[in-house]
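Accompanying notes for the structure given below.
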Amino acid sequence: EGQCFFGKTVTVQCTRDAQFIVVVARDVTLPNLELQTISLLGGGPGCTNVDSNSAFAIYQFPVTACGTIFMEEPGVIVYENRMTSSYEVAVGPSGSITRDSHYDLVFQCRYIGTSVETLIVEILPLGNPPLPVSAVGPIKVIMRLANGQCFTKGCNELDVAYNSFYTDADYPVTKVLRDPVYVEVQLLEKTDPMLVLTLGRCWVTTSPYPHTFPQWDILIDGC
């Protein structure tokens, strides 16, 4: 039997009786991978995980199943499959958001005579590949305060909040404690349609410098 350890995140094993055994960890990506969204090249019986917990999912299936591609090289028989997980986008009244990561992994079993070799390759797909999960670089964003108001009976304030926005001439905007503040943040000049903006914490200060005090939170842990 041959096996390949890919850090603490992926383990691929090729057995002598022609089985793939793949163990993938949720922390293979950042944000963490949603293990239940993983799929192989093909479906069918035995093509879902055979066991899982909060940290790992385990797949075991014949090298001829689940859409596996068969190839021949001089003296070598190659079986190749692919594990993917794509974005799930939640759509709400105020826009779309995703906290999911894109994941794409190609793995192989290579049978050479009486020996077994394992190969895994993380690939970048052609076309419009997703940007790295984590990268440093400048981005341009704009934040606006919405001021849409209800003027009809039965109107839901949240439904109309983003119909209009305060202009520069309206500032400073006065709010009292516990008044709702409707905030919109947009990415500017983005060229990649797959680029999404996820906000963890947003706050306001009385100064143009963001790390001065006092600070008032308007978004904590994305809520």
Notebook entry, point to check: Quick one: which strands (runs of 3 or more DSSP E) sit completely within the stretch 135-223 and have at least 2 residues that are within 21 Å of Pro31 (Cα to Cα) and not basic (Lys, Arg)?
Noted result: 182-188, 215-220
Notebook entry, point to check: Hey, any hits in the stretch 128-140 for a residue that's modelled with pLDDT of 80 or more and on the phi < 0 side of the Ramachandran plot?
Noted result: yes
Item checked: Filtered residues of the stretch 35-66 (kept if touching a residue at least 60 places away in the same chain (Cβ under 8 Å) and either closer than 17 Å to Val12 by Cβ or surrounded by 16 or more Cβ atoms within 10 Å (Cβ to Cβ) (or both)) -> Ile38
Item checked: Criterion: in contact with a strand residue (DSSP E or B) (Cβ under 9 Å, 6 or more places away or on another chain) and either assigned by TED's automatic domain parsing to the domain that holds Gly148 or not hydrophobic (A, V, I, L, M, F, W, C) (or both) - qualifying residue of Leu177, Leu199 -> Leu199
Next item on the list: Quick one: count up the residues across the stretch 152-204 that are of a type in the set (Ser, Thr, Tyr), touching a residue at least 60 places away in the same chain (Cβ under 8 Å) and surrounded by fewer than 13 Cβ atoms within 10 Å (Cβ to Cβ).
Entry: 1
Check: Which condition number in (1) in contact with an Asp or Glu (Cβ under 8 Å, 6 or more places away or on another chain); (2) at pLDDT 80 or above is the one that Ala169 fails?
Finding: (1)
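The values are calculated or read from the model by the stated rules, or taken from the named source; none is laboratory data. Worth saying up front: this structure is predicted, and the values here are computed from it rather than measured. Because the Cβ atoms are built from the backbone with ideal geometry, glycine has one as well, and the counts that use them run over all protein chains shown.
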